[in-house]
There are 2 protein chains.
Amino acid sequence: MQIFEKCGNTDIEGVDSTNACYGGTAALFNCVNWVESSSWDGRYGLVVCTDSAVYAEGPARPTGGAAAIVMLIGPDAPIAFESKYRGSHMAHAYDFYKPNLASEYPVVDGKLSQTCYLMALDACYKHYCAKYEKFEGKQFSISDADYIVFHSPYNKLVQKSFARLVFDDFTRGASSIDEAAKEKFAPFSSLSGDESYQSRDLEKVAQQVAKPLYDSKVQPTTLIPKQVGNMYTASIYAAFVSLLHNKNSELAGKRIIMFSYGSGLTATMFSLKLQEGQYPFSLSNIASVMSVDEKLKSRIEVAPEKFVETLKLMEHRYGGKDFVTSKDTSCLAPGTYYLTEVDSMYRRFYSQKAADGAPAANGSIINGH
Amino acid sequence: MQIFEKCGNTDIEGVDSTNACYGGTAALFNCVNWVESSSWDGRYGLVVCTDSAVYAEGPARPTGGAAAIVMLIGPDAPIAFESKYRGSHMAHAYDFYKPNLASEYPVVDGKLSQTCYLMALDACYKHYCAKYEKFEGKQFSISDADYIVFHSPYNKLVQKSFARLVFDDFTRGASSIDEAAKEKFAPFSSLSGDESYQSRDLEKVAQQVAKPLYDSKVQPTTLIPKQVGNMYTASIYAAFVSLLHNKNSELAGKRIIMFSYGSGLTATMFSLKLQEGQYPFSLSNIASVMSVDEKLKSRIEVAPEKFVETLKLMEHRYGGKDFVTSKDTSCLAPGTYYLTEVDSMYRRFYSQKAADGAPAANGSIINGH
């Protein structure tokens, strides 16, 4: 809050919304609801989704990543909620959790997590379709979605998920499924729900049937998650940013389906309707100021050994006190805030790298009293 | 979520709102905003505020307590927000925090926490008054509040806080301060803000001046916090419950000022306007079903040594795995859910005591997969 305090702006609401990768979506809903509520006072809201996705040594480690996405929320936005069409699913599961308080690393049951994700996708899609059909008086199918953005821990799951929605449309008898696709899905029509999650043959056929639609409706959303890896709360919004980056003004008038998932588990499918909007809040300007290409290009490549070494240092310092951080800020982008010290009382101190790239001479933010 | 899953109701939104003792207020605002938003689908919302307030051995330990308060949120409620009058204050402070992840006990700077609380109270009251005055076109003073409910970690702070608001009205030149009070406050009129927080003489005079108003506007809110101790997120709502219990139908038409505070720090002053409402959601029925007297009477007194022993067991098990809990449920109220086991994967298992008071024969809730 120190940045706001400096400006004399302390009359602020909104606290952490916590629920694994779903936390950012919860914060987004809370913020949009605030703008629509009678207690809104005309100011913009800010939603910050940020995480370091790190894993213990093993097969999950290379899927990790880190990101921060900030969304500015206000009325008459070019990116608007279709708020009546929203399907959620909550259930109790231990698919991915962080029970060991001494460690930042999660306990992950990869296979269970994938099944939970697909079951939640099915349930949310069912709820979403039911609400759409109630308000619109006609059946919904993936043909009604111009693009579909998924929580994207790794791309293979995104491919499977979209294929699953196509199979769901088949089982629902939706108009999006043509005769050729029906024939291919027919052998799987009698599978139970559980069997259908486990069937490799179905997965293969569904991805094959879905391929042309995947290329047009999903592929444009995959750039940043593929490049950066998992980003937990930021993941789905990084996928959405990829779409804005790739299509910007072309998105005016389009409907975008979003599927947000957090282990534990909580998931929501919701949809956005876009319009070009007025500068500076136009789709083209939003895409331009995000400068995705430049950001991706400015990344610094390090050897895997250096990454492992950095994680070792993080492990050592996790929950720790009484240390100062490296003075070397050469890897940080200009303007970056960074941790300088955790004192003996666990109080944290930050500094900001100057906007011109030099380390801040006198920019230290004092956290004490 | 298992209770909802059993009923086939998984289409649910809303996740943990976390910010020390303020978390419950944040959840309440989020839930009320949802009901007012375009995404609301006509169902009730539930806000759960629950905490165990425990402290390491030392002077703070006897102030601890534990509680859960649940609020049902919907339209046309007998307890309604005056949503345009709301003053918040956020600042960066280390007054009370839990940096040691291996321990449930907080690090508390008692003196700093009290000053932070009073500074936040001043700031929120200033914001609240400014908004009231903007919309109503007249000055606000404590005379416009029928009752004032505070976050109540201990009663002495509540007394000081109300006295502080009376002093604030003096410095604002508000009409609530009569000539006799003005004379008593006059020697303190030139104190700086910081001096005024530290002055014992001012504190004494302010509490003396405030006493008659405290007795009518605040004392009816103090029953449960005095009886139960600190309850963190539930504290302010337990104070509000005390008022409903003491005054129920008399509250129709009254304005109640609420001051919620969470260390770190985040605080909001907001107000409620009450009406009798329709059964079952009438003030008198709400007061009746809460059965505060019975709940307070049904508490079981144990020796301090037993309390210390119980906290030792909690310390030992905090963040732990691979244990089962005591089979003795005689101290639990009928219908209580309770932890039975944490397995080797840190998965938690619960059971429910039968509503007739017998331990559940077959009521175990399986958490695993």
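The values are calculated or read from the model by the stated rules, or taken from the named source; none is laboratory data. Not measured: the values here are computed from a predicted model. All Cβ positions, glycine included, derive from the backbone under ideal geometry; neighbour counts span all protein chains shown. Keep in mind that these areas ignore ligands, DNA and RNA; they rest on the heavy atoms of the full protein, side chains included. Shrake-Rupley method; radii C 1.70, N 1.55, O 1.52, S 1.80 Å.
The residues listed here are B:TYR132, B:TYR85, B:TYR105; of these, the one that is more than 9 Å from every other protein chain (Cβ to nearest Cβ), open to solvent by less than 20 Å² (accessible area, probe 1.4 Å) and aromatic (Phe, Trp, Tyr) is B:TYR132. Just a yes or no: is a residue in region A:6-24 of a type in the set (Asp, Glu) and more than 7 Å from chain B (Cβ to nearest Cβ)? No - not one qualifying residue is present in region A:6-24.
Put simply, of B:LYS184, B:LYS217 the only residue that is open to solvent by less than 30 Å² (accessible area, probe 1.4 Å), in contact with a helix residue (DSSP H, G or I) (Cβ under 8 Å, 6 or more places away or on another chain) and of a type in the set (Lys, Arg) is B:LYS217. If you go through region A:187-209 and keep only what is in contact with a Leu (Cβ under 8 Å, 6 or more places away or on another chain), of a type outside the set (Ser, Thr, Tyr) and crowded, with 19+ Cβ neighbours inside 10 Å, you end up with just A:LEU202.
Every test in (1) under 20 Å from B:ILE236 (Cβ atoms); (2) open to solvent by 30 Å² or more (accessible area, probe 1.4 Å); (3) within 14 Å of chain A (Cβ to nearest Cβ) is passed by B:THR63 save one, and that test is (3).
Scanning region A:223-234 for residues that are part of a helix (DSSP H, G or I) and either touching a Cys at 6+ places or on another chain (Cβ under 6 Å) or hydrophobic (A, V, I, L, M, F, W, C) (or both) returns A:LEU223, A:ILE224, A:VAL228, A:TYR232, A:THR233, A:ALA234. Restricted to region B:246-287, and to residues there that are of a type in the set (Val, Ile, Thr) and away from chain A (no Cβ under 14 Å), the residue that is most open to solvent (accessible area, probe 1.4 Å) is B:ILE286. Of the residues A:THR50, A:THR115, which is more than 14 Å from chain B (Cβ to nearest Cβ) and of a type in the set (S, T, N, Q)? Result of the check over A:THR50, A:THR115: A:THR50.
Out of everything in region A:7-30 that is within 21 Å of B:TYR85 (Cβ to Cβ) and hydrophobic (A, V, I, L, M, F, W, C), what residue ends up being surrounded by the fewest Cβ atoms within 10 Å (Cβ to Cβ)? Only one residue tops the list, namely A:ILE12.
Determine, yes or no, whether B:SER38 is over 20 Å from B:SER263 (Cα atoms), open to solvent by 30 Å² or more (accessible area, probe 1.4 Å) and within 9 Å of chain A (Cβ to nearest Cβ). Yes, satisfied.
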